[in-house]
Amino acid sequence: MADTRRDWLTLHLVPGLGATGFRRLVETFGSASSVFKVSQKDLLQVPGLRADAIAAIVNHPPYQEADVELKQADRLGVALLSFGEPDYPALLANIYKPPMVLYVKGDPGVLKQEGLAVVGSRAATSYGLKIARELSGKLAAKGLVIFSGLALGIDTAAHAGTLAVGGRTVAVLGCGLDVCYPASNWRLAEQIIETGGALVSEYRLGTKPDAFRFPERNRIISGLGRGVLVVEAAQRSGSLITARLALEEGREVFAIPGRVDSTKSAGAHRLLQEGAKLVGGIDDILDEMGWLTAGSACEMATSSKLAPAEPIGQDEAQVLAVLEVYPKHIDSIIAQAKLTAAKVNEVLLRLELNGLIESLPGQQYRAIT
């Protein structure tokens, strides 16, 4: 009998098992449901299984936890995709360690569409944010899906640029789908779903965004796309991990050159030295990937001009009113705009993504005329 969602999820929730152990068990015994019917002696013959995982499978299979998880997922509108089923994205299935279960909020079908991962520094420069937003928007306008990680900086710019042209984007989270991280991007996450994109995670609901989970989730970002574009990255960063994972899987890696004296471009320059494709515009990507001549049946826009991610609202107008072409410190902006610090930070990020202001060292900002 074929596995049910409950069988698959129960095995996924076994503590200490992981994606590799999960896959070995299914390959050895034929199905997830069969794993819970074998003896401890049989389980000990499977290489690499931890003792706590074997004990849980034999003595305390988490069936009740799976039932609770399924009810919670249904309540939140979260779909579960199991490895090997038709809806599971084929590109992701072909990576070295594919997730055995994917939690998806939004349209699961978008995961199987042609697209590119766009990643980079959380502490991005104004230049990096502008380039990430513009290139993502232009690629999305050709009908491509943009995959990224919802982090601050380049990820946020990539998602926002895609939404600005009515494109579809996918955010891969390093936490449960009922936990928005960073919290300031909750509205962006909602917009991704509302416009036909999706939020994705391999982690059970309620999982906190612990630091060690983000390098692990990067293989999903690189695995969903045909290639990876690195806009800004330091020498040691998660973006380089994503790029190198893509190379290991035979995917194309692209990089944007930056200032030679900027540490935030050092990682991208290193990738270029190692053979990444230099990008000066979207045609460099489209041509390399064979998308330039193939055309796009789902092209959503022909103009390369990008609209703002969102209309200027009252909060944005208040902040813009106190900014000048000369730099102003954030404390002064907060005091003059008469908004909370959290709101001002949120508005400043939105204005920067829209190309209306520029952030400078020392928490200073200026208007762009």
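Observations
- With respect to the chain, whose longest principal axis is taken over its alpha-carbon atoms, helix 126-140 is tilted by about 60°.
- Proximal charge balance of GLN364 [Cβ under 14 Å; K/R count +1, D/E count -1]: -2
- Neighbourhood net charge (9 Å Cβ-Cβ; Lys/Arg +1, Asp/Glu -1) for GLY153: -1
- Put a dot 7 Å past the Cα of ASP210, heading toward its Cβ, do the same for ALA321, and the two dots end up 4.8 nm apart.
- From phi via Karplus (6.51, -1.76, 1.60), per-residue ³J(HN,Hα) for region 343-349 in Hz, x at Gly/Pro: 5, 5, 4, 5, 5, 4, 5
- Between 0 and 90°, nearest 10: helix 63-76 axis offset from the chain longest Cα axis: 30 degrees
- Overall form of region 1-124 per C-alpha gyration tensor (a/c, 1.5; a/b vs b/c): prolate
- Ranked by the mean number of other Cβ atoms within 10 Å per residue, highest first, peptides 313-323, 164-174, 121-131 order as 164-174, 121-131, 313-323.
- Net charge, ILE221 excluded, C-beta distance under 12 Å - Lys, Arg +1, Asp, Glu -1: -1
- Taken one residue at a time, the phi angles of region 4-12 give Karplus couplings (6.51, -1.76, 1.60, θ = phi - 60°) of 9, 4, 5, 4, 5, 5, 4, 5, 4 Hz. Gly and Pro are set to x.
- Debye log10 I(q)/I(0) at q = 0.17, 0.18, 0.19 Å⁻¹ for region 116-205, Cα point scatterers: -0.61, -0.68, -0.75
- Overall, the anisotropy analysis places region 7-51 in the rounded class: the square-rooted eigenvalues a ≥ b ≥ c of its C-alpha gyration tensor yield a/c less than 1.5.
- Chain lengthening between GLN364 and LYS97 when straightened (0.36 nm per residue, less Cα-Cα): 91.8 nm
- Global form of region 34-90, assessed from the alpha-carbon gyration tensor, a/c cut-off 1.5: oblate
- Applying the Karplus relation 6.51 cos²θ - 1.76 cosθ + 1.60 with θ = phi - 60° to region 327-332 yields 3J(HN,Hα) values of x, 9, 6, 4, 5, 5 Hz, where x marks Gly and Pro.
- Antiparallel content of DSSP bridges confined to the chain, in %, to 5: 45 percent
Values in this text are rule-based calculations from the coordinates and carry no lab data. Only a predicted model underlies this, so the values are computations on that prediction, with no experimental measurement involved. So basically every Cβ, Gly included, is an ideal-geometry build from the backbone, and we count neighbours across all protein chains shown.
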